[in-house]
Amino acid sequence: MSEVILKIENLSKQYRLGTVGTGTISHDLNRWWHKVRGKEDPYLKIGETNDRSTKGSSDYVWALKDINLEVKKGEVLGIIGKNGAGKSTLLKILSKVTGPTTGSIKSKGRIASLLEVGTGFHPELTGRENIFLNGAILGMTKKEITSKIDEIIGFAGVERYIDTPTKRYSSGMTVRLAFAVAAHLEPEILVVDEVLAVGDAEFQKKAIGKMQDISKGEGRTVLFVSHNMAAVQSLCSRVVVLDNGKLVYEGEVAESVEYYSAICRERLKKEYVIHNNVLGKVKLSNLKVLNTDNSLLKNGESLMLGDTFKIEFNVKIFEDIKDLSFALDIFNDKQELISHLINEDSGLYIPTAINNSVLKISIESKELLFIPGVYNINLWVGQSQTEALYTIKNCFTFSLEQGGYTKRTKRLPKHSKVYLHSVWESKVV
Amino acid sequence: MEENSTAKERWLFEITPKNKLISLNLKEVWQYKDLLMLFVKRDVITVYKQTILGPLWYLIQPLFTSIIFTIIFNNVAGIKTGGIPPFLFNLAGVTSWNYFRECLTATSDTFKKNAGLFGKVYFPRIIMPMSIVVSNLLKFGIQLAVFIGFYVFFIFNGNEISPSPYVFLYPLLIVIMAMFSLGLGMIISSMVTKYRDLTFLVSFGVQLLMYVSAVMYPMSLVKEKLSTYSWIVDYNPMAHIIETSRYLLLNDGILNMNGIIYSVVITIVIFLTGLIIFNKTEKSFIDTV
């Protein structure tokens, strides 16, 4: 077992909500008065976990609460969690940008952090000057930078522009240069936050490769925060999950990612199904979603890639309607419209729907070929595909799992959108 | 397990809630000396980029100020400057005062201006105000050279002026001025993070402070003409510093030892207070700024 290089003990961080300014002097004075008398800070007792969706009763929240964590040398630890789970706060404390409220972090190595690439870049300075400035900000000495400058310029691929002010650079070049500087830092512990979200695919690959080199080749420790599960899976050896400021899971990569997706699904389930009866001409009821084997699916349940998927519902008509039409919109977890299905797609027309009748509509889609992830469906009922009569927002939410539909062993890349069934052959010719 | 318990003693550093009064880690600051120099270089290179006159601005500002002071205070108001040409008298005061003013206004903005940078990466924060004080030194050097140029010019034109025999102590005076402005700037910049009102106070206050800092008049004149209010000038350490700088450069006035000692003591107190407050703010300001 390799040694523990970083130890986080009972780490908590409290933030004050609302406008800082009004009332702070009185709080400050009260705090000071308690301190003078040797009493505990009165505002530390209050505070709740950081659940943004519910309104708390106090102005103070815990962005992090009692985090305990040990990181071993040479490990690449992934830190995942929803927005606002406390990831960035943890990284900020680790990189000494802000202090903890209670608890401590002990480290056996230098920590360098990469909370954002290109911090301190000055647009008027040339690429070379910025390498020195940025390197020094990140904690390198001039000597260290001088010895590495050719390597850095080479990695960034900006040889031609190196003596041009960075304000003339394309944004991609700036990012590449900045990452190159950061990647050549030599701390024992490197803290990285979402830097891979920038740059083109080729550069991302290069960046991930570099990070792997850092951890595997050079035996340094990396703490990696990301929303990009694919990057987490390809880089990390262990992953912790943060939720509402607490460390809720710690374990192998696959299990942690699964735990995290479970949290996401739970949250998506909480998204309200919103009915909107626009004109009162129709009413929807008995909405059901069925799986391949006609078993009923509950909202939030998971489906497998390639599953058949069926939606049924009844429409009660309160007024004669010409050209009754339907649409299904399927969104991914980034709220991007992935698919738009309408009744005309399979040649169904309802020229007139007669008053007081009830129609049973069923929609079947043979194969779900989206990339595994969480999806939600909006249902739209209207007239002539233009005028809305009745809509249901988030009428069904499901998560799609990879399953055995594809024979590949690795996960489908998260940033792709659709999986197409394909047949591969090889022949000697 | 056993290995673990022995390893406990060997932590390189620890991050804890801040409670020590002064935790200025000089060793750490020294490690970042390259950063200090690079910040200085950045400031010097970038400040007058894309201006037509460039570093000439360094000269224009003090020259015009001195000319206007000479016209208003000496020609119109009739302030006597002894045997010293009024223009040179004013230029000496303005040059020293400028250094203090530039340092103070720039350092008092440290936290607010660099919030973006400070929010992303750690380095000893004091590097930033220190780099300002150092880079302003260059500007000061240029202005001093201009002053010396005029000095020589006036001597050639038959003015009987000479520096005091103690002129070699002038650099010491600059160090005191640097420390005083750095200390004051650190205090203000720390407080600005919470109470923004101070930003307005600084730009306005510095201007007012100039009038009670004996920049365009000798201290003796205030005692003579406004004896009831002269204590304001007397208690202002900057007035003593400016007065002394004129004594050293132009051999003008008298050396007030008590005043100098008073200024040095105040400077040290302000500087230490600044360090303490700055250190306290350093860790938490990112949550309040």
Among the candidates A:Ile105, A:Ile80, A:Ile131, residue that is hydrophobic (A, V, I, L, M, F, W, C), more than 15 Å from B:Tyr122 (Cα to Cα) and over 29 Å from the mean Cα position of the chain (by Cα): A:Ile131
Checking the condition surrounded by fewer than 11 Cβ atoms within 10 Å (Cβ to Cβ) and in the same structural domain as A:Ile311 (by TED's automatic domain parsing), which residue from A:Ser339, A:Ser384 passes? A:Ser384
Quick check on B:Glu28: is it part of a helix (DSSP H, G or I), modelled with pLDDT under 65 and within 11 Å of chain A (Cβ to nearest Cβ)? no
Per the filter on the stretch B:237-266, residues surrounded by fewer than 23 Cβ atoms within 10 Å (Cβ to Cβ) and more than 30 Å from B:Val152 (Cα to Cα) are B:Asn258, B:Ile261, B:Tyr262, B:Val264, B:Val265, B:Ile266
Condition first: of a type in the set (A, V, I, L, M), under 31 Å from the mean Cα position of the chain (by Cα) and within 14 Å of chain B (Cβ to nearest Cβ). Now tell me which residues in the stretch A:142-174 satisfy that. none
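Helices (runs of 4 or more DSSP H) wholly in the stretch B:66-122 with at least 3 residues that are within 19 Å of B:Val222 (Cα to Cα), touching a residue at least 60 places away in the same chain (Cβ under 8 Å) and away from chain A (no Cβ under 14 Å) - which ones? Before you say what the answer is, go through the steps one by one.
Values: elements: B:86-107, B:110-113, B:115-118.
Output list reads B:86-107.
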Residue that is surrounded by the fewest Cβ atoms within 10 Å (Cβ to Cβ) [pool: residues in the stretch A:102-141 that are over 30 Å from A:Lys7 (Cα atoms), more than 7 Å from chain B (Cβ to nearest Cβ) and hydrophobic (A, V, I, L, M, F, W, C)]: A:Phe121
Take the residues in the stretch A:345-379 that are without any contact (Cβ under 8 Å) to a residue 24 or more places away in the chain and surrounded by 12 or more Cβ atoms within 10 Å (Cβ to Cβ), then tell me which one is nearest to A:Ser422 (Cα to Cα). A:Asp345
Checked pairs for the stretch A:241-260, first at positive phi, second part of a strand (DSSP E or B) and buried (at least 18 other Cβ atoms within 10 Å of the Cβ), C-beta under 6 Å and 6 or more apart or across chains, list as A:Gly245/A:Trp62; A:Gly245/A:Ala63; A:Gly245/A:Leu64; A:Gly245/A:Lys65
Counting only residues that are more than 11 Å from every other protein chain (Cβ to nearest Cβ), aliphatic (A, V, I, L, M) and not in a loop (DSSP other than H, G, I, E, B), the stretch B:123-141 contains a total of 6
Mind checking which residues of the stretch A:85-101 are touching a residue at least 40 places away in the same chain (Cβ under 8 Å) and more than 7 Å from every other protein chain (Cβ to nearest Cβ)? A:Ala85, A:Gly86, A:Lys87, A:Ser88, A:Thr89, A:Leu90, A:Leu91, A:Leu94
Within the stretch B:38-81, count every residue that is small (Gly, Ala, Ser) and surrounded by 13 or more Cβ atoms within 10 Å (Cβ to Cβ). 1
Yes/no for B:Phe140 being closer than 21 Å to B:Ile268 by Cβ, aromatic (Phe, Trp, Tyr) and touching a residue at least 24 places away in the same chain (Cβ under 8 Å): no
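The values are calculated or read from the model by the stated rules, or taken from the named source; none is laboratory data. Keep in mind it's a predicted model, so treat the numbers as computed, not measured. Reconstructed Cβ throughout: ideal geometry from the backbone, glycine too, with neighbour counts over all protein chains shown.
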